[in-house]
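J.: Right, I'll just put the structure down here and ask away after.
The values are calculated or read from the model by the stated rules, or taken from the named source; none is laboratory data. Keep in mind it's a predicted model, so treat the numbers as computed, not measured. With ideal geometry, Cβ positions are generated from the backbone for all residues, glycine too; neighbour counts draw on all protein chains shown. Each accessible area value is taken on the protein alone, full model and side chains, heavy atoms only, with ligands, DNA and RNA left out. Shrake-Rupley method; radii C 1.70, N 1.55, O 1.52, S 1.80 Å.
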Amino acid sequence: MRRLFDPPRVLFQLTAVVLAAGAITLLHVRQPVTPPPFADDPTPLGYTWSLVLFALPLTFLLVWLLLRPEYRIQKKAVGVTLAILVPLGVVLDLLFAHTFFTFENTAAVSGLAVPGRGGPIPIEEFVFYVTGFVFVLLLYIWSDEAWMDRYNPDLSAYREAPPALSFHLGSVVTGLVLLAAAVVYKKLFSGDPEGFPWYWAYLLAASFVPSAGFFKTVRTLVNWRAFSFTFLLVLLISLTWEASLASPYGWWGYQGDAMMGLFIAAWSRLPVEAVFVWLAVTYTTVIVYEVVTLWVGTGKGFKEAMVGR
């Protein structure tokens with residue numbers, strides 16, 4: 001019974017309940033809102049200016065962190081974590097931007113582009129993912145160290161006896177089951193059975209694969225209250241961004257054949273992948289950060305820190 005109500009389980013249970021309630025409500029909207037004609041330029045440089053949704057709070061949190069000399073370990077861990085995670089967003093854009101996404105409203109971006117597979121990619125896409133990872137990471141650290149520091153596990157207890165590295169088979173199994181469910185839904189039940197849910201597969205690989213090796217190792221180090229606050233705030237910002245602005249005004253869209261085929265009509269046919277992406281980003285960011293913090297904080301080599309020698 002005690003295991004049933006430990007923090008990570010409660011967090012995922014509450015997330016599932018909230019998502020289920022939202023799904024029941026949204027699935028009863030059958031007619032999507034018609035977007036305005038892009039030729040009228042309804043949002044000049046809208047995507048470009050909207051990047052402040054990440055950039056401004058990120059700047060505040062970065063100044064807060066830099067002004068605290070006692071957070072030497074956290075600062076070093078931030079650099080290492082971003083060096084691992086930022087390439088995920090960059091690779092997503094360079095290799096898969098035109099496989100997963102569309103960019104119909106060219107007036108909503110600055111016109112600066114980066115060459116990528118399938119054609120040029122708006123520079124805003126790269127800023128979006130880089131600032132997204134930085135914002136999620138800094139928000140979790142602020143929540144962990146300041147806002148919800150009462151629930152911050154003490155790293156000093158792990159300096160002499162770090163938790164041993166153990167393979168978390170449950171994450172891999174869950175990822176495979178979710179991928180199989182997406183394929184079955186797309187092929188048998190969706191209105192767009194062509195293609196394969198590649199975007200969903202990418203999110204699962206980027207989220208569940210890292211957790212497979214490290215979830216058990218750092219689950220007691222994660223401040224799950226800070227995680228929940230981070231996830232809910234990031235989800236609020238992202239849904240405001242996508243459901244209210246990006247999807248209706250065509251700042252970016254999604255390739256139907258690369259999605260699982262489950263769309264939210266009330267949000268201009270936003271695919272469910274767009275909702276889950278920030279759960280995946282938050283989960284992966286926090287797990288990787290806590291692994292890096294454990295490595296940096298113990299003052300040992302990575303292998304030594306992980307196996308508890």
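J.: Yes or no: region 232-248 includes at least one residue that is in contact with an Asp or Glu (Cβ under 9 Å, 6 or more places away or on another chain), closer than 23 Å to GLN13 by Cβ and buried (at least 17 other Cβ atoms within 10 Å of the Cβ).
T.: Checking region 232-248: not a single residue is in contact with an Asp or Glu (Cβ under 9 Å, 6 or more places away or on another chain), closer than 23 Å to GLN13 by Cβ and buried (at least 17 other Cβ atoms within 10 Å of the Cβ).
J.: Would you confirm, using the coordinates I've provided, whether ASP192 is farther than 28 Å from THR81 by Cβ and either open to solvent by less than 20 Å² (accessible area, probe 1.4 Å) or assigned to a loop (DSSP other than H, G, I, E, B) (or both)?
T.: Spelling it out, ASP192 is indeed farther than 28 Å from THR81 by Cβ and either open to solvent by less than 20 Å² (accessible area, probe 1.4 Å) or assigned to a loop (DSSP other than H, G, I, E, B) (or both).
J.: Name every residue in region 249-268 that is touching a helix residue (DSSP H, G or I) at 6+ places or on another chain (Cβ under 9 Å), in a helix (DSSP H, G or I) and either closer than 15 Å to GLY46 by Cα or open to solvent by 10 Å² or more (accessible area, probe 1.4 Å) (or both), in order of residue number.
T.: TYR249, ASP257, ALA265, ALA266, TRP267, listed by residue number.
J.: Would you please list the contacts, defined by Cβ atoms under 7 Å and residues six or more apart or on different chains, that run from a residue in region 160-178 that is buried (at least 16 other Cβ atoms within 10 Å of the Cβ) to a residue that is at pLDDT 85 or above?
T.: GLY175/LEU204; LEU178/LEU204
Residue-by-condition table, conditions (1) of a type in the set (Phe, Trp, Tyr); (2) more than 16 Å from the chain's Cα centre (by Cα); (3) not in a helix (DSSP H, G or I):
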position	(1), (2), (3)
SER110	no, yes, yes
GLU125	no, no, no
GLY132	no, no, no
PHE135	yes, no, no
TYR140	yes, no, no
GLU145	no, yes, no
ARG150	no, yes, no
PRO153	no, yes, yes
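J.: Could you say whether any residue in region 125-136 is more than 22 Å from PHE60 (Cα to Cα), open to solvent by less than 60 Å² (accessible area, probe 1.4 Å) and aliphatic (A, V, I, L, M)?
T.: no
J.: Please verify whether region 104-123 includes one or more residues that are in contact with a Gly (Cβ under 6 Å, 6 or more places away or on another chain), of a type in the set (S, T, N, Q) and surrounded by fewer than 17 Cβ atoms within 10 Å (Cβ to Cβ).
T.: No: zero hits.
J.: Ok, one more. Only one of ASP149, ASP93 is at pLDDT below 90 and open to solvent by 30 Å² or more (accessible area, probe 1.4 Å); which?
T.: Every option except ASP149 fails the conditions.
J.: Suppose the filter is more than 25 Å from TRP147 (Cα to Cα), modelled with pLDDT of 90 or more, open to solvent by 50 Å² or more (accessible area, probe 1.4 Å) and not polar (S, T, N, Q); does PHE229 pass it?
T.: On the way: more than 25 Å from TRP147 (Cα to Cα): no; modelled with pLDDT of 90 or more: yes; open to solvent by 50 Å² or more (accessible area, probe 1.4 Å): yes; not polar (S, T, N, Q): yes.
Spelling it out, it is not the case that PHE229 is more than 25 Å from TRP147 (Cα to Cα), modelled with pLDDT of 90 or more, open to solvent by 50 Å² or more (accessible area, probe 1.4 Å) and not polar (S, T, N, Q).
J.: Something else: Considering every residue within region 75-89, establish whether at least one is out of contact with any Cys (no Cβ under 8 Å at 6 or more places or on another chain) and within 19 Å of PRO197 (Cα to Cα).
T.: Yes - at least one qualifying residue is present in region 75-89.
J.: Something else now. Name the residues in region 49-87 that are more than 13 Å from GLY132 (Cβ to Cβ) and not in a helix (DSSP H, G or I), would you?
T.: Correct list: LEU67, ARG68, PRO69, GLU70, TYR71.
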